[in-house]
Amino acid sequence: MEKLINTIVGAIQDKKGKNIVSLDLREVEGAICSCFIICNADSTTQVAAIAAGIEEQMLEKLGEKVWRVEGQQNALWIVMDYGDVMIHIFQTEMREFYKLEQLWADAPATRYEYEE
């Protein structure tokens, strides 16, 4: 799972995604997957670009196809399902509104620094 997470985080960083956090949900009762990766971007264009970049890198580097993608129509909040890992790409205001990290506050969080 570490390769999966690192590839996803790298793809987000490539597209200049902000405030990247992974939540380890393996010990959280009722969790639907093992890990959430959450990030945000200031425009819907960038949200869509991050999603496309993740899909491209996952296929290219790991041969992994996304199982399901929701939210591409308006690109305010795109969710990508890779089975054990789900990615939430928010438009900044939507992330602040939904506060997804607070809903899963019991989960250990890893924050990733922005890389040029």
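For the pair residue 92 and residue 62, label points projected 7 Å from Cα toward Cβ lie 2.9 nm apart. Computing FRET efficiency as 1/(1 + (r/R0)^6) for residue 70 and residue 113, where r is the C-beta to C-beta distance and R0 is 30 Å, gives about 0.60.
Over the chain, what percent of the accessible surface lies on carbon and sulfur atoms, probe 1.4 Å?
In the chain, the share of accessible area belonging to carbon and sulfur is 48 percent.
Each Lys and Arg adds +1 at its Cβ and each Asp and Glu adds -1 at its Cβ; summed about the Cα centre, the chain shows a dipole of about 160 debye. Its DSSP H runs of at least 4 residues, each contributing -39,500 (n - 2.57), put the calculated 222 nm mean residue ellipticity of the chain at -9500 deg cm²/dmol, to the nearest 500. Using C-alpha pairs under 8 Å with a sequence gap of at least 6, the mean separation divided by the residue count of the chain gives a relative contact order of 33 percent.
Give me log10 I(q)/I(0) at q = 0.13, 0.24 Å⁻¹ for region 12-116, Debye formula, one equal scatterer per alpha-carbon, no solvent. Log10 of I(q)/I(0), two decimals: -0.43, -1.46.
Computed packing ranks the peptides 89-95, 40-46, 60-66 as 89-95, 40-46, 60-66, most packed first, by mean other Cβ atoms within 10 Å.
Quick check: net charge around residue 66, other residues with Cβ under 10 Å of its Cβ, Lys/Arg +1 and Asp/Glu -1? List each step's numbers first, then the result.
On the way: positive: 65, 68; negative: 55, 64, 81.
It works out to a net charge of -1.
Using a 10 angstrom cutoff on alpha carbons, build the Gaussian network for the chain and name the most mobile of 55, 27, 70. Answer for the Gaussian network model of the chain: 27.
Subtracting the Cα-Cα distance of residue 84 and residue 101 from their residue separation scaled by 0.36 nm leaves 4.4 nm. Residue separation of residue 26 and residue 6 scaled by 0.36 nm, minus their Cα-Cα distance, works out to 5.5 nm of gained length. Each Lys and Arg adds +1 at its Cβ and each Asp and Glu adds -1 at its Cβ; summed about the Cα centre, region 44-90 shows a dipole of about 80 debye. Averaged per residue, the chain has 58 square angstrom of accessible surface, using a 1.4 angstrom probe with ligands and nucleic acids left out.
The values are calculated or read from the model by the stated rules, or taken from the named source; none is laboratory data. Please read all numbers here as calculations on a predicted model, not as lab measurements. Every residue, glycine as well, gets a Cβ built from its backbone with ideal geometry; the counts of neighbours run over all protein chains shown. All accessible areas refer to the heavy atoms of the entire protein, side chains included, with ligands and DNA or RNA removed. Shrake-Rupley method; radii C 1.70, N 1.55, O 1.52, S 1.80 Å.
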